[in-house]
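S.K.: If you scroll down you'll find the structure; I have some questions about it.
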């Protein structure tokens, strides 16, 4: 059986994703409000994640309101693309 050495010191706790987001967001050139909208979360939720007060979960089920909003946004984007192709 093969044994693997850990890549990080065992004594060190894993980093919270919020700590990484705080470093990454400025490099995107977008505001935190824009990032929150892109992620489909509220601005306050994003700030809580950055402050490491909330966990990050990928299991959030979209509400019908979210689905309708995304469908509308996609339709608007598709309309803009058709205009650009003319």
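S.K.: Pop a pseudo-label 7 angstrom from the Cα along the beta-carbon direction at both residue 64 and residue 22 and give the gap in nm to one decimal.
M.R.: Inter-label distance under the simple model: 4.0 nm.
S.K.: Counting other beta carbons within 10 Å of each Cβ, put 35, 49, 24 in order, fewest first.
M.R.: Values: 35 17, 49 21, 24 11.
Fewest-to-most ranking of 35, 49, 24: 24, 35, 49.
S.K.: Another question, then. Starting from 0.36 nm per residue, how many nanometres of slack lie between residue 71 and residue 57 once their C-alpha separation is accounted for? All intermediate terms of the calculation are to be shown ahead of the outcome.
M.R.: Working: separation 14, 0.36 × 14 = 5.04 nm, distance 2.31 nm.
2.7 nm is the gain from fully extending residue 71 to residue 57.
S.K.: Among 65, 53, what is the fewest-to-most ranking by other Cβ atoms within 10 Å?
M.R.: In increasing order of surrounding Cβ atoms, one gets 65, 53.
Computed from the coordinates by the stated procedures, all read-outs in this text should not be read as laboratory data. As the structure is a prediction and not an experimental result, all values here were calculated from the model. Here the Cβ is made from the backbone with ideal geometry for all residues, glycine too, and neighbour counts use every protein chain on show.
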